[in-house]
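Quick notes on the structure that follows.
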Amino acid sequence: MVRGLMHRPSETCSIDPPDVRAAFARLVDRGAASFLVKYAVREKALPNLPLDGTDPDALADRVAGWLAEDWESMRAEGVSDALLVQKRVRMEYEYRMFMVGDEPACGAGNIGVLTPVDNEAVFDPKMQRIRADMDRSTVGRRPDLAERYREAAVRFGRALAGDGYGAYVLDLCLIDGEVSIVELNGMMNAGLFALDMSALTRAMRARPDQFVPVSLDGLLAGRDACPVPV
């Protein structure tokens, strides 16, 4: 579902070279010639791999060399959707929505130099056209776009409601003028930027059930029927 809301061609695949080659071939057939490869589920410290070209074999060879550079590929063995291969595009005005349940609770521009101390609204209007985390000189106010992002997050939240997400962060941007999802991640290690912390904590208090992991929720729900012997 998330890939369908990204507004750019993308494929997921395993780390096996034939699968990687096939993913590139499908994207090349769709007109892509510039790519970004990343682990679909990854630690923030892991780098992405930008690539250019239209030869699927050569592109797959580059990915194989990249995978050999760190230990993360060992964790990805046997995972059918370990890699996300996507057309590289220009992303503008990146913005982070904090979602609780199916709704945006608050949001802020993806600007690393800003913190909750800099917040001025539930959906903070400060953004950068091109992300430059430590550069305050390019920060501007776009309340119109913040509202547009809020409206899009409401739609995206409803579209993702059946996928089992509870509390998460939804990174948005403009691609060719269209609101698109950059990525969706857990909330626990998300950067806060100029977030309205009061709005987030109010949402957390109102819907605490959204912060219980699905597996734990299932365990607790069945504890009376399936007591643990002691």
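What follows draws every value from the coordinates through simple rules; no lab data is involved. Owing to the predicted nature of the structure, the values given are computational and were not obtained by experimental measurement. As a convention, Cβ positions derive from the backbone with ideal geometry for all residues, glycine included, and neighbour counts pool all protein chains shown.
Could you compute how fast the range 124-207 diffuses translationally, taking Rh as the Kirkwood radius over C-alpha pairs and applying Stokes-Einstein at 25 °C with viscosity 0.890 mPa s? Give it in µm² per second.
Calculated translational D: 170 µm²/s.
Using only the Cα atoms of the range 9-87, what do you get for the radius of gyration and for Dmax, in Å?
Rg then Dmax for the range 9-87, in Å: 11.3, 32.
Given 0.36 nm per residue, what is the gain on full extension from Arg30 to Met74 after removing their alpha carbon distance, in nm? Don't skip to the answer; put the middle values down first.
Values: separation 44, 0.36 × 44 = 15.84 nm, distance 3.05 nm.
So the extension gain works out to 12.8 nm.
In percent, how large is the relative contact order of the range 92-214, given Cα pairs closer than 8 Å and 6 or more residues apart?
Numbers: 252 pairs, mean separation 44.1, N = 123.
With pairs under 8 Å counted, the relative contact order is 36 percent.
Would you work out which of Leu59, Phe211, Leu46 lies farthest towards the positive end of the dipole of the chain, given +1 charges on the beta-carbon of Lys and Arg and -1 on that of Asp and Glu, about the Cα centre?
Result: Phe211, furthest along the dipole toward the positive end.
In terms of the Cα gyration tensor, with a ≥ b ≥ c the square roots of its eigenvalues, is the chain rounded because a/c is under 1.5, prolate because a/b exceeds b/c, or oblate? Walk me through the numbers before you get to the answer.
Values: a/c = 2.00, a/b = 1.16, b/c = 1.72.
Oblate is the answer for the chain, as a/c is 1.5 or above yet b/c matches or exceeds a/b.
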